[in-house]
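J.: Before I ask anything, here is the structure I am working with.
The values are calculated or read from the model by the stated rules, or taken from the named source; none is laboratory data. Owing to the predicted nature of the structure, the values given are computational and were not obtained by experimental measurement. No Cβ is skipped: glycine too gets one built from the backbone with ideal geometry, and neighbour counts run over all protein chains shown. The area values use the complete protein model at the heavy-atom level, side chains included, leaving out ligands, DNA and RNA. Shrake-Rupley method; radii C 1.70, N 1.55, O 1.52, S 1.80 Å.
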Amino acid sequence: MRRLNPTFVLLAVICLSGLAVGQIVIPPDVLKKRVESNKPRPGKPTTGPAGTRPDIQRMLIDFRKAAGDGAKRRIAARKLLQLGPRGAKILRSAASSELSTRTTAYKKAFFSKSRGMGAAKYRTTGQARVEAWRNQFRSTGRVTKESLKAKAGPAMDALLGALVPKREEILENSTLLTARRAELLALEAINAQCAAALKLPAPESELADTLKQQEMLLSLMGAPMPDAHRKIVEEALRQFTKLQFEEWHGVVHLNVVRVLLGRPPMRIDLKLCAAGRDHSTDMYERKFFSHTSPVSGKKTPWDRAARQGTKAGGECIAAGTRSGPGAIRMWFFSPGHHKIIMSGASRVGLGGYKRRWTLMTG
């Protein structure tokens, strides 16, 4: 019979005794080897809580701390980009998050400045002068091209010029907004560098263009108006992504014109916008220009509104202008259309397609 090694017997007894009390006892020499194997090796990088190396984390902290200092921020971004795709990905995530937060804050600050400037313009102009222009509009009498050109048009232009803040004017009078805007564009440039490093497709539109559009709208909405009217006009902000920019611009322009002339604004009806856009598209693609459509089921404005699940009371069509406010101005000086856009309707929708425009009221 083969004799058992005494050391093996002792280890077996130790392990079995451990099992008996519900635990495993690891021999000291084995435990020592495990501890030594788990020690960090010289030169081996460790990771932080976010799974990034400490050097990348320090670079990211430097990037965030450099906010407001363009030169330092560019240096911090360059260091991260030099690390390759991993650094570019981390930088892009940080820059995108900061860009989103700062853009929202910028728009709120811009709108606040716009409203403040609008209120100041009203005080400077004076209520008496504002009422004189409104009375001039009300005294238009019989709506003809001549009366609109002689009275209503000048009254509208005077009120818009005196009371609506201009985008350029707002930026020129606020160094803080100008600096914040520059920071947004710098973050966008860093995002573009990251996208190029990661070989990602370029965005469809540039931030500078988007900011300019939003600033134009927020400037227009800074016009002085009663709180009840402002609530309706500002409701459009929630519809921004559901309309094309010029559709949005045209509706806001119309409502501001109505308010300045002493009329209540109209609520945006997205279904009327859809009906108008569809008719504008048909007019362009089928090469006709009429309130009567050759398309089956869409012959009249009432048919087109019903197809979108709503009702219409009036319709205006226009062609030849790229901008929504441009179409509104064309209708303002056209007697039949003027009566529709300045009527007592409570809802409005504007839809455009390749310089064809359709406005519907309800």
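J.: Pairs to check: Lys145/Lys242; Lys166/Lys242; Lys311/Lys354; Lys89/Lys113; Lys271/Lys339; Lys298/Lys354. Give those whose C-alpha atoms are more than 28 Å from each other in this structure.
T.: Lys145/Lys242; Lys89/Lys113
J.: Here's a follow-up. In a shell of Cβ-Cβ distance under 12 Å around Gly349, excluding Gly349 itself, what net charge do Lys and Arg (+1) and Asp and Glu (-1) give?
T.: Combined, the nearby Lys, Arg, Asp and Glu give +3.
J.: Figure the gain on full extension for Val295 and Ser112 (residue separation times 0.36 nm, minus the Cα-Cα span) and round it to one decimal in nm.
T.: My answer for the length gained is 61.2 nm.
J.: Measure off, as a whole percent, the carbon and sulfur share of the 1.4 Å-probe accessible area of the chain, all protein chains present.
T.: About 55 percent, which is the carbon plus sulfur part of the accessible surface.
J.: Now, a different point. Which of the aspartates and glutamates could a cross-linker span from Lys299 if the Cα-Cα distance has to be under 15 Å and same-chain partners fewer than 8 positions apart are dropped?
T.: Straight-distance partners of Lys299: Asp278, Asp282, Glu315.
J.: How much accessible area per residue does the chain have, in Å², with a 1.4 Å probe?
T.: Averaged over the residues of the chain, the accessible area is 57 Å².
J.: Right, another one. Quote to one decimal, in nm, the extra length available between Ala189 and Lys287 on full extension: 0.36 nm per residue of separation minus the C-alpha distance between them.
T.: Length gained, Ala189 through Lys287: 31.0 nm.
J.: What are the principal axis extents of the Cα atoms in region 222-270, in Å, biggest first?
T.: 27, 19, 16
J.: OK, next. With each run of n ≥ 4 DSSP H residues scored as -39500 (n - 2.57), what mean residue ellipticity at 222 nm is computed for the chain after dividing by its residue count and rounding to the nearest 500 deg cm²/dmol?
T.: -19500 deg cm²/dmol
J.: Report the FRET efficiency, 1/(1 + (r/R0)^6), for Leu237 and Ile61, where r is their Cβ-Cβ distance and R0 is 45 Å, rounded to 0.05. Intermediate values should be presented prior to the final figure.
T.: Values: r = 35 Å, r/R0 = 0.79.
With R0 = 45 Å, the Cβ-Cβ based efficiency is 0.80.
J.: Just flag the trypsin sites (Lys or Arg not before Pro) in region 220-291 sitting in loop per DSSP whose Cβ has no more than 11 other Cβ atoms within 10 Å. Kindly include the intermediate steps, with their values, before the conclusion.
T.: Details: sites: Arg230, Lys231, Arg238, Lys242, Arg258, Arg267, Lys271, Arg277, Arg286, Lys287; in loops: Arg286, Lys287.
Listed in order of number, the matching sites are Arg286, Lys287.
J.: Explain nothing, just the number: relative contact order of region 134-280, from Cα pairs under 8 Å at least 6 residues apart, as a whole percent. Mind showing how you got there, number by number?
T.: On the way: 94 pairs, mean separation 37.8, N = 147.
Relative contact order comes out at 26 percent.
J.: D for the chain, whole µm²/s, Stokes-Einstein with Kirkwood Rh over alpha-carbon pairs at 10 °C and 1.306 mPa s: what number?
T.: Working: Rh = 25.6 Å.
Rounded to a whole number, D works out at 62 µm²/s.
J.: In addition: Which length gain, in nm to one decimal place, applies between Lys166 and Lys72 when the Cα-Cα distance is subtracted from 0.36 nm times their residue separation?
T.: Taking 0.36 nm per residue and subtracting the Cα distance, the gain is 30.5 nm.
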